[in-house]
């Protein structure tokens, strides 16, 4: 079988991680390994860099509320909390995930971070729609949704995010797919391998993001980042 594949169109195949009832050691092992892969490839830094750009020039004597959608075990928010502590920012950081076990694990790992809290919520729920925040983060999250769902979600987020959105998601490309197939030979967790390949096929090309930008009349910046990521900043 070839390691390359046609990526012309986004796939609608679901991922194993889309099962919000998943729990136990498999889930936690998957979250840990995904966190390590993203850290190793520099992916988490793409989100942090986006937060820095949104906050650039803003006063540090205010408290900024940041929500992380699909937060998993909270590694992104802990990274941002560390940055805030170093740079003197006041943050209120809220992790949102539909999987209760992921939220429980994130809470366990974040006991030293008083600025962090985690909530089990569906982002399309009334409770989440009523939440106010300054910045919304979506790291490897938007590709889980169909394009028509994305339009609704982006409008909803921008109606609440006072400063804007930081989106960090995968570049859908034959090269990314092929390289991940090679990388997967060294990954023992089969769920990560299967979901990783599916994620790439559900991800975005620049023209997809540009189309959404134009259709929704967004003020945005799109930058390609290693390893096969797009940093998409949308400002209010």
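A few comments on the model shown:
- Among the residues of the range 69-79, those identified as in contact with a strand residue (DSSP E or B) (Cβ under 9 Å, 6 or more places away or on another chain), surrounded by fewer than 24 Cβ atoms within 10 Å (Cβ to Cβ) and at negative phi are 69, 78.
- Going through (1) under 19 Å from residue 39 (Cα atoms); (2) without any contact (Cβ under 8 Å) to a residue 40 or more places away in the chain; (3) surrounded by fewer than 16 Cβ atoms within 10 Å (Cβ to Cβ) one by one, residue 193 falls short only on (3).
- The criterion of being at pLDDT 95 or above and closer than 18 Å to residue 165 by Cα holds for residue 53.
- Only one of the listed residues (66, 80, 94) is farther than 22 Å from residue 223 by Cα and modelled with pLDDT of 95 or more. That residue is 94.
- Note on the range 121-142: among residues that are within 21 Å of residue 64 (Cβ to Cβ), touching a helix residue (DSSP H, G or I) at 6+ places or on another chain (Cβ under 8 Å) and free of Cβ contacts under 8 Å to residues at least 40 places away in the same chain, the one that is surrounded by the most Cβ atoms within 10 Å (Cβ to Cβ) is 121.
- Residue list for the range 23-43, restricted to those being more than 18 Å from residue 98 (Cα to Cα) and surrounded by 21 or more Cβ atoms within 10 Å (Cβ to Cβ): 38, 43
- Being part of a helix (DSSP H, G or I), farther than 22 Å from residue 122 by Cα and at pLDDT below 90 is a condition met by at least one residue of the range 41-50.
- Test: residue in the range 55-68 that is closer than 21 Å to residue 99 by Cα, exposed (fewer than 13 other Cβ atoms within 10 Å of the Cβ) and free of Cβ contacts under 8 Å to residues at least 12 places away in the same chain: no
- With respect to the stated conditions, residue 212 fails to be modelled with pLDDT under 95 and part of a helix (DSSP H, G or I).
- Scanning the range 209-221 for residues that are in contact with a strand residue (DSSP E or B) (Cβ under 7 Å, 6 or more places away or on another chain) and crowded, with 17+ Cβ neighbours inside 10 Å turns up 209, 213, 218, 220.
The values are calculated or read from the model by the stated rules, or taken from the named source; none is laboratory data. Just so it is clear, the structure is predicted and the values come from calculations on it, not from any experiment. Note: ideal-geometry Cβ built from the backbone for every residue, glycine included; neighbour counts use all protein chains shown.
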